[in-house]
Every structure is written in C-alpha cells, then in structure tokens.
1. Would you tally the net charge around residue 700, using a Cβ to Cβ cut-off of less than 14 Å, leaving residue 700 out, and scoring K and R as +1, D and E as -1?
2. Can you list residues whose amide H is under 5 Å from residue 431's amide H, if they're 5+ apart or on another chain and H is modeled 1.01 Å from N?
3. Considering Cα pairs under 8 angstrom that are at least six residues apart, work out the relative contact order of segment 411-627 and quote it in whole percent.
4. What is the sum of charges, Lys and Arg at +1 and Asp and Glu at -1, for the other residues whose Cβ falls under 14 Å from the Cβ of residue 463?
5. Taking the DSSP beta bridges in the chain as the whole, what percent of them are antiparallel, to the nearest 5?
6. Could you order the peptides 536-547, 152-163 from most to least packed, using the average number of other C-beta atoms within 10 Å per residue?
7. Semi-axes, largest first, in whole Å: what does sqrt of 5 times each Cα gyration tensor eigenvalue give for segment 29-170?
8. Taking R0 as 45 Å, what's the FRET efficiency between residue 691 and residue 264 from their Cβ-Cβ distance, rounded to 0.05?
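Any read-out appearing in this document is the output of simple, stated calculations on the displayed coordinates, not a laboratory observation. Being a predicted model, the structure only gives us computed values, none of them experimental. Quick reminder, even Gly has a Cβ in these numbers, built from the backbone with ideal geometry, and neighbours come from all protein chains shown.
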Amino acid sequence: MTSTQPVQPPSGILFGAAYYAEYHREDRTSTDLDLMKEAGFTVIRVGESVWSTWEPRDGEFDLDWLQPVLDGAHERGIAVILGTPTYAVPPWLQTAYPEIAAERRTGQPVPWGGRQEVDYSHPAFRFHAERVIRAVIARYAEHPAVIGFQVDNEPGMLLFHNRGSFQRFVRRLKARYGDVETLNREWGLTYWSHRLSDWSDLWTPDGNSLPQYDLAWRRYQAELTTEFIAWQAGIVREYARPGQFVTTCIAYPRPALDDEALVESLDLTAGNPYYAMQDHLDASKELEALTPWTTSGVPAMLRQADRIFSSKQSRFLVTETDAQSIGGSELNLPPYPGQLTQAAFAFISRGAAMIEYWHWHTLPYGTETYWGGVLPHSLQPGRVYQELAGLGADLAAIGDALDGYEPDADVAILWSNDSRFAFEFFPPLARPDGSPDRASYQRIVDAFHRGVIEAGAQARILHVGQAHGLGAAGLAARFPVLVAPALYVASDADLDLLRDYAAAGGHLVIGIRTGYADEEARARVAIAPDRLHEAAGVHYEEYSNLAGEVPVTAGHPFAASGDGGARLWADGLISDGAEVLARYEHPWFSRFPAVTTTPHGSGRITVVGTVPSPALAVDLMRWAVPEPIADALVSERELPVTVASGALPDGRRAWFVFNWSWNETTITLARDATDPTSAASHAAGADVPLAAWSCLTLIDG
C-alpha cells in the first residue's frame, strides 16, 4: 500500500524526545513524564530499539511492559509515536540464523555487536521481523496515545554483498537489459576485457572498478531499502487507525538510500538532522564538520532541513536532533545558551512540524553513553532542560498558528541521488591530502546553498523528478532562479528541461559537471555541457582541479565584493557569445571565464565553471536575487542576522529572525508584525533588539 497524497501533520508543532523507560536501571516513568509535561513536551517516541525486550526468546513475546508508559503519557496529554524494532536484532536471532548477517564484502559477514548488521532482504530475517512487527503493533495500535508509527530506524546503512542479494541484483539486470550483449554495450564492458558471455560471468562488486556497474549496484541497494520500508509500512497499515501516520526516520548520508523513492510509501517524511554547536553556529566563522553525519555552520544546518522537506515537498518531522553534545566520548560541545531554541526554530522555519530530541536522558552505559540527552547523567533537570522548557512554552503560545505553513524559496536547487552515487565512486574533487573526496557532490551543492543563505535569500531543494512534475513553464513560474550544481548523471530529457526552463523565463545557473554524463554515468561524447552549450553560449574542452583558492575578477553587471574566489575546480570555459561576468586571476586560467551569462528565450543561463568560494557564491546569488523575500521584513541586514519565512493558508506570512553570534544587534522592521510567543505587536519602522544567540518569531499584522 502506498500513500498517494502527503498527509498533514497533527495540528501545532509537536515537541518532545525519544523516550526509553526500559533503559533506566530503576523505574521512574512517572517522574520523567511529569518533567516532560512541565517542559511542554507533547510527544515521545518509544519502542524501536529493543527487539530483545519485546521478544526475549524465539517466539516468546513480552508485550505488556510498555503499557505504563503509554498510559502515563496519555494521562498527561503527551502523544506517542510507536516504533518497530527491526534495526536492532536480538542475540538469539543472529545465533540461530547466522546467514542473515550482512556482508560488506562477499563472504565476510559483519561481526555482531552493533546494530543494523543484517541483510534485511533475507527471507529468514523478514519472517522474524514480520512476526515481531505484528505482535507489537497489534498490541498497541488502538491505544489512544498512539498518533503514528515509525518503521525501522535510519535505514540504508550498509551495501549488502550477500550471495542472495547479489543473485537478486543479477535478476534485476536481466529484467532491465534483457541480454548480456545489451549489458556489454550499455556498460562498455569491452573495456579491460570485461565482456560477458553469460549472466553467470558477472563478477561480484567487491573488486569492481567500473562506474556503470557501481551506479547500477547503488541504485539496486537503494531499491532494497525502499522495498524494505514499504513492506513494513504495509504491515503496520493493516492495524493502524484512520488518522495515524506511518513514517521512518531518515539519516540522509546513508549509502543505500534514495529518499525521494523511500517516502512514497510513507505518510510523512521524518529526518534526523545532527549539527555541531558552539562556534560552529557562529555565522562569522567557517569551521570544518566534525563527523561525516553532522554539519558545521548555519547554512549546512538549514540545508539538512531543506533536504528533509525535499523528499515529499511537504512539512516534515524532526525525529532526532541534538539536545546536548552528540558524537562520541571525544566530542564534547554542548550548546551555548539560546542555540537549541535557535536550531528548533530554524528547522520550523524550513517546514518542521515536530522537534524531537535524542533523547530524554543521557545513558549510563552502552555505545551512546556520551550522546547527551535532555537530562544529564544525574537525571536532574539542568540548563538544557530549562532552555527546552522555555522553548516548549513558546511553542505552546504559538499553538496552531503555523498549521499549513509552507517555507518560502527565492532559489530552487536541483538534487540528484544518482549524481551523489556516481561522485562517491568517481569523485571529481580531491581532499587537501590529494585523496578522492567522496563527499564531492554534497560539497558542490553546499557551496551554492550556502551562497543563497548568506546572500539573505532562501532555498528550496528539488529532486530532478519533482522538477519534471512541474514542467519547464511551471518551474519557471514558481522558482525564478534554478541552480543545477552538479547534475552529472542526467538523461537528455533532464537537460532539455533545464534549457526549456530558461526559455520559459527562468534564470538557470549551471554548476560544474552538469550535463557531462548520461543516465548510465557514461561521459557524453559531445561538446560540454551537452544539450546546454548552444543555449548557454559557452562550452569547454578541458578542466582542472585547483590546489588552492584562485581569486576572481568581476565586472558589470556582476557587482562582486572583490573577495570572491574559485575553489577546487576550474572548467576551461570558452565563450561562444556569452557575456563574461568573472575571470580567474591566474597566469594560465585567466584566459578562461570563471562565470558567464547569456539570455535564452525569455530567461537567462549563467554558467559557473568552478566551485565558488563563500564570497563568490554570495556575489552570484545577490546578483541573481536582487530583492529576496526576506527584504519585505528587514530590508537592511547582514550576517550574523538571517531571516527565514513562509506562507500561511490565510495569505499572511510568518517570519523567523536569527542572530547567530555573541553580539547583540538591532533590526528595523519594514512591516507590521506580531510576536505570537508574547502577543507583542511591532509597527513598521520599529527597532527590535536581538540578543546574542536569539531568535524572533513574527506573523504579519
């Protein structure tokens, strides 16, 4: 069963934490729930991490232990999201069926002792998973506290090299390509004597060096994840009451994940945005991310929210995010006062309908001993609890005022999971030590997204398929600026859509590697960028990595700050009539434009032949978006102040103003607005102070 229309989240902004009463060494459910109620919590998430508690032995279920938690939550008006426990397999299952262990390499099972160590496409695992899902959901689906279900947890962590999984991969290749001769031709298997004479000749992916094979393999692994989640959602819906939603929590960097496809079977998108705090949220600083799954900087945190919104193009749930320091025993950066409230409203400003923390109490044992919860190890309410209680009061005051909210966008940015997969195998960029940068795709996208945010504008991330759904004219009417940062794996139809978008009146901004490969990740035998170069009035024959930042010089009409530079990459652009907006300051690269632009139809195509530095990206976006939507509230502003906004169903607009720094500042409002958290009214022209690390919520009128 699939969900054909996005389901609206419950009214108001849900606010709470993951709660595992079973992790306590002593019963304190009533105490915890009372504290949650006092802090304004309205939702908890339960049950998804403890299969061995639900089913301590094969076929023997213990289902009653959760009843006091649900009853206690309901008595206090706290809603519950109930999880299925399939991501953490009990010891009895892995010892009875060792063949379900996932293999990162063929014949090498993942050692037990963590989580998500199973091949969830394996029939033996599916049998036992279905049994526990049905037992848990049947027991509690009718409980009045349960408003929805989370199936599994952060799926797609591993690429399964199990023999059964590989054989199913081969069968899907047969269905797609028909015969080995077609596969030989489409994948270019003449290269290095890889031609197949029979399907049984196909080698396992462990030693694969061919990008076409890898892209097919990654697509298949994402399909396994999508099918697994859809399978669970179908089971849960057999028991769910009308109005109860089904979701899963997504960790977007997972390798076996196509989020757009994954959420088709779900009612709501939910994601787990983790971010570094303290100086990493200072808008004046540029600090590197501390882990592969946390971000650094305000724009990157907002990008996480924009990615969650992008999956369904609808409001979403934050199922996990920082309460205290997150990331391990060696990473201890608790938030500065105000940062948790800022982050919550930042996510809300980009479409979040729930803010839920990982998790209620900091654990005294286990892998996540030093992943900070709302309560510290002492279990006594402290500074973090008090700040979140203040946030809870603000959200209670806002009530349902943000129902139906849709975040604004001055710029749409195209996202391609296929291009991400391809760049993780064949990265175009290098790390400082010269090694391949497997995060190349995200790095390129983030350069443009950051430029949008720091230019005072707002972004909407669109999957390529979603852009096709709008059509060229609809896309141009809805999004006046469209950035294709690195649309490397692209069909002819994808590239034609970009060209037609500009012809219909949109401003298309093309980044590096766009239009360079086809849908099989084969380099196009064509002038680059293929199907776009004539309309763009520019092409290139060569390209180069850049070891360091290269300054660029810009002229009219591109009003550059003078601080902009080119990073990591330079296309050797050759103008065929396009206007040159910026050139490299370099003995060799200066003969090539860094940025060009030309009219096309009713619109314009701008080509950026490099990964723009933050300053250059800001210059580009200020030129492309001279009057961002946020100007209607605060016309004069600069970092560390940012403004986000969105439309309400009654035609009014909600505004969110942030001061990402230690320095107090003041903004001047350009329109009348009311603060729903305090009912204070502000007239146009009023000066409103912003304390350090603060945020302000306003609604028109």
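1. Taking every Cβ under 14 Å from that of residue 700, the sum is -1.
2. 437
3. Relative contact order here is 21 percent.
4. Result for the local shell: -3.
5. Antiparallel: roughly 55 percent of the beta bridges in the chain.
6. Highest-to-lowest ranking by the protection proxy: 152-163, 536-547.
7. One finds semi-axes of 34, 15, 13 Å for segment 29-170.
8. 0.55
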